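What follows draws every value from the coordinates through simple rules; no lab data is involved. Note that the coordinates shown come from a computational prediction; the quantities given were computed from them, not determined experimentally. Backbone-built Cβ (ideal geometry, glycine too); neighbour counts: all protein chains shown.
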Amino acid sequence: MRYLKAVAALGLLLTVTATAGANTVKGTLTGYPGEWMDVSFDGHTDHTVAGVYVIDKISSSGLGDNLADPFDVVCVDLYGTIYSGRQYDWAVKEDLADVPTGSGQTGMGDTRAQHIEELFYLHWNDAIGGGNAKKAALGASVWEIVYEPEWDGSSTKPWDLDSDNLQISRLSTTAHDTAETWLAGLTGVPVEGTTVYGLDSDDTQDFGVAIPNGGGYIPEPVTMAGLALGIGALGGYVRRRKG
């Protein structure tokens, strides 16, 4: 089992090779504001960061042209590994349902993708424009949707940060309670007005990114504050490891 080990310095380079005629993006990760937390999954625990990744775009093709520079993404994959200075191929997919949630996995499916799309529709702008606690809440909420059983529309939702298959702890009270509130407020009804692309790679982690219909989403500038100091002190790569 691999988990995100948040030990990357600012300036971590993620290069995505663009293929002519394909839907791709090439960019540099400049930071991922959020909060440190512990994530327990299938009997393993790791210390990591839940948050939003900020990527400066170098080049793109096809659907990738709709991504602004810079653009923000949220991790949907607790299995992938990212290393500084290595090149990766990301395909930009219009349907988030087609994006896998781990190595060798099939796409997450329509149900989980629909719940993430509703989450982004309701709270993406609030999280991107807010502080680290809201960014952490968005990242933690996505992981709950992806790695807990699918919600079937019943009155009991499967999402609980403190128990079940995926457990997230040591978040601030604000981030924890915000994530729980956001998840509780999901209706399961399809939404319109937010396009959610998936960034898919066989060699690194996968992401979801929200843009308005027609493209051109421009994220609010991000301040790294104290998180940047913590990341910079710990090294130059982000990885998930198998336990």
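Structure notes:
- Positive minus negative residues near residue 198 (Lys, Arg vs Asp, Glu; Cβ under 9 Å): -4
- Backbone geometry of the stretch 61-66 corresponds, through the Karplus equation with coefficients 6.51, -1.76 and 1.60 at θ = phi - 60°, to 3J(HN,Hα) couplings of 8, x, 4, x, 5, 7 Hz, x marking Gly and Pro.
- For the peptides 94-102, 27-35, 44-52, the ranking by mean Cβ contacts within 10 Å, running from highest to lowest, is 27-35, 44-52, 94-102.
- Three principal axis lengths of the stretch 75-177 [C-alpha, angstrom, descending]: 39, 32, 25
- At R0 = 45 Å, FRET efficiency that the Cβ-Cβ distance of residue 169 and residue 61 yields, to 0.05: 0.65
- Positive contributions from Lys and Arg (+1) and negative ones from Asp and Glu (-1), summed over other residues with Cβ under 12 Å from the Cβ of residue 170, come out at -4.
- The distance between label points at residue 105 and residue 191 comes to 2.1 nm (points 7 Å beyond Cα on the Cα→Cβ vector).
- Local electrostatic count at residue 101 - Lys and Arg +1, Asp and Glu -1, tallied over other residues with Cβ under 9 Å: -1
- Calculated FRET value between residue 154 and residue 177, using beta carbons and R₀ = 30 Å, to 0.05: 0.80
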